[in-house]
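**Q** Pasting a structure below so you can have a look.
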Amino acid sequence: FEEFESNNYLRQLVRHGELEEGFKFLESMVYRGDIPNIIPCTSLIRGFCRIGETKKATRVMEIVEESGAVPDVITYNVLISGYCKSGETDNALKVLDRMSVAPDVVTYNTILRTLCDSGKLKKAMQVLGQQLQKECYPDV
């Protein structure tokens, strides 16, 4: 029950834009041994990415993974999208390489669009090759 209340409180903080407060609360949850729910954590990552705080978003992901919570493809996609929008293509590619779940078409579309828009066509072809190897076919 306590873990449920903690996750609900974290959800409310994020919903009301209290990202720093949410970050501190997430740290305290994990310190107490609670395993955070991935949904409010994903929202916290999204919030930090929206304001260009990709380092803070990355730290949230690290805390989530260290706590034993399992990020889903949506969580990874949010972080990758944040990196791409901030021009941090190399960090987006690092996340792609270390995903603990299979990337989906959204993951690849986000990275491929960013690589192509920034003129990194050779790298885009490599990523497309990886995508096809994993039998994840483009939809655009």
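The values are calculated or read from the model by the stated rules, or taken from the named source; none is laboratory data. Owing to the predicted nature of the structure, the values given are computational and were not obtained by experimental measurement. Cβ sites come from the backbone with ideal geometry, for glycine too, and all protein chains shown count toward neighbours.
**Q** Among the residues in the range 94-114, are any outside any helix (DSSP H, G or I), touching a Cys at 6+ places or on another chain (Cβ under 7 Å) and not small (Gly, Ala, Ser)?
**A** Yes.
**Q** Could you give every pair whose Cβ atoms fall below 6 Å, whose first residue belongs to the range 44-68 and is closer than 20 Å to residue 98 by Cα, and whose second residue is of a type in the set (Phe, Trp, Tyr) and crowded, with 20+ Cβ neighbours inside 10 Å, counting only separations of at least 6 or pairs across chains?
**A** 54/83; 56/48; 57/48
**Q** Would you pick out the residues in the range 42-63 that are part of a loop (DSSP other than H, G, I, E, B) and surrounded by 19 or more Cβ atoms within 10 Å (Cβ to Cβ)?
**A** Correct list: 53 only.
**Q** Between a first residue in the range 5-16 that is of a type outside the set (Ser, Thr, Tyr) and a second residue that is assigned to a helix (DSSP H, G or I) and at pLDDT below 90, which pairs have beta carbons less than 7 Å apart while being 6 or more apart in sequence or on different chains?
**A** Going by the 7 Å Cβ cut-off, there are no qualifying pairs.
**Q** Yes or no: residue 128 free of Cβ contacts under 8 Å to residues at least 24 places away in the same chain and either of a type outside the set (Asp, Glu) or not in a helix (DSSP H, G or I) (or both)?
**A** yes
**Q** Kindly list, by first and then second residue, each pair from a residue in the range 90-115 that is crowded, with 20+ Cβ neighbours inside 10 Å to a residue that is charged (D, E, K, R), limited to pairs with Cβ atoms under 6 Å and residues at least 6 apart or on different chains.
**A** Note: pairs meeting the criteria are 115/123.
**Q** Something else about it: Got a sec? Which of 43, 81, 67 is farther than 23 Å from residue 24 by Cβ and small (Gly, Ala, Ser)?
**A** Of the residues listed, the single one that is farther than 23 Å from residue 24 by Cβ and small (Gly, Ala, Ser) is 81.
**Q** Mind checking which residues of the range 18-41 are surrounded by 12 or more Cβ atoms within 10 Å (Cβ to Cβ) and either on the phi > 0 side of the Ramachandran plot or assigned to a loop (DSSP other than H, G, I, E, B) (or both)?
**A** 18, 34, 35, 36, 37
**Q** Of the numbered conditions (1) aliphatic (A, V, I, L, M); (2) more than 21 Å from residue 111 (Cα to Cα); (3) part of a helix (DSSP H, G or I), residue 78 satisfies every one except a single condition; which is it?
**A** Result: residue 78 fails condition (2) only.
**Q** All but one of (1) under 30 Å from residue 116 (Cβ atoms); (2) surrounded by fewer than 16 Cβ atoms within 10 Å (Cβ to Cβ); (3) not basic (Lys, Arg) hold for residue 76; state the number of the condition that does not hold.
**A** Of everything listed in (1) under 30 Å from residue 116 (Cβ atoms); (2) surrounded by fewer than 16 Cβ atoms within 10 Å (Cβ to Cβ); (3) not basic (Lys, Arg), residue 76 misses just condition (2).
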